[in-house]
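Each remark here refers to the structure printed beneath this line.
Quick note: the coordinates plus some simple rules give every number you see, no bench work behind them. Everything numeric in this text was worked out from a predicted model, so none of it was measured. Here the Cβ positions follow ideal geometry from the backbone for every residue, glycine too, while neighbour counts run over all protein chains shown.
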Amino acid sequence: MPRRLEIILGPTAVGKTDYSIRKALEYGSPVISCDSRQIYKGMTIGTAVPDASQLAAVKHYFVQTFPVTQAYTAGDYEQDALALISDLFDQGHETLVMTGGSMFYIDAVCNGLDDLPDGDQEVRDRLWKRLGEEGIESLASELKTRDPETYSSIDTHNSQRVIRALEVCLVSGRPLSSFKTGTRKKRDFEIVKTGLQRPREELYSRIDRRVLAMMDAGLVEEVRSLLPYRSCQALQTVGYKEIFEYLDGTIPLEEAVRLIQRNTRHYAKKQLTWWRRDQTIRWVSP
């Protein structure tokens, strides 16, 4: 039998967790998470980590694995995930289930990453300093000017992604998008992509309700516990940045909630725009 990896993808809050667990139980597979934020310890509520019963139903990998202080890239994930996939196939699994919404992680596993120029720590530090002084909107605006293609394809609320793209532009003098050759690396297993979709208004309603549920579950206290690490790349993401602003006294709590809902909807839209270009995805309703 051919070795087969089924990737269950889709926008945030569409229902990937329950669907992937059902598929994993059907195949006798663990669930391999490809979520670039659930991979961090301590970011439980704000990243919608599977609950205790879901984690107990099947073995999960790459969930709450690394401390928020550790920088972890899509390139790291490509290497670690491929090693795990190979090991699981060698153990006798015929079909494996991977699920998540991180576009770059999924691309890294399916296609491999292009070789990018080496980073420059001085440039990176300067950009992170600017982030603190000017905010992400200023850096995203510069990226839009320097590399509109990358700007249109990444989550511009993700500081790590924006800064990495700008760093490449500044170090190389070329846009990040110009390094994307489109050359796929060969994998020794079959890849099947299943995309989950819902009507837009239904998806947006689910996002809004989930944010409220996160607040009820204690998101503010979770973010408060992470205050000593707020400058870490892992925490430059929707759901945490807005609560940090509330804890700073910059905005009221109601505005923080509204912004999390709005920014999450924007991210879901960007995820769908990204994946609509991939004609190999089979779209289904959860």
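Under 20 Å from a label point set 7 Å out along the Cα-to-Cβ vector of Glu202, the amide N atoms of the stretch 15-29 belong to 15-23. By the Stokes-Einstein formula, at 0.890 mPa s and 25 °C, the stretch 121-179 with its Kirkwood radius over alpha-carbon pairs has D equal to 222 µm²/s. Length gained on full extension, Phe66 to Arg126: 19.0 nm, using 0.36 nm per residue less the C-alpha separation.
Could you please state, rounded to a whole Å, how far the C-alpha centre of the stretch 8-44 is from the C-alpha centre of the stretch 225-276? Cα centres, the stretch 8-44 to the stretch 225-276: 21 Å.
Taking the Cα centre of the chain as reference, the dipole from Cβ charges on Lys and Arg (+1) and Asp and Glu (-1) amounts to some 780 debye. For Tyr105, Tyr204, the sequence from fewest to most other C-beta atoms within 10 Å is Tyr204, Tyr105. Here the sum of -39500 (n - 2.57) over DSSP H runs of 4 or more residues, divided by the residues of the chain, equals -15500 deg cm²/dmol at 222 nm, to the nearest 500.
Calculate the tail of P(r) for the stretch 200-269: the fraction of all Cα-Cα distances greater than 20 Å, expressed in %. Everything past 20 Å amounts to 27 percent.
Each of Leu196, Gln233, Leu219 was placed along the dipole of the stretch 165-254 (beta-carbon charges, centred on the mean Cα), and the one lying farthest toward the positive end is Leu196.
Select one label from (1) 20.5; (2) 22.1; (3) 19.7: the one whose number is Kirkwood radius over Cα pairs in Å as derived from the coordinates shown. Computing Kirkwood radius over Cα pairs in Å and matching it to (1) 20.5; (2) 22.1; (3) 19.7 gives (3).
With the chain treated as a Gaussian network of Cα nodes joined by springs under 10 Å, which of Gln160, Gln91, Gln233 yields the largest mean-square fluctuation? Comparing Gln160, Gln91, Gln233 in the GNM, the peak value goes to Gln91. For the chain, the relative contact order comes to 28 percent (Cα pairs under 8 Å, sequence separation of at least 6).
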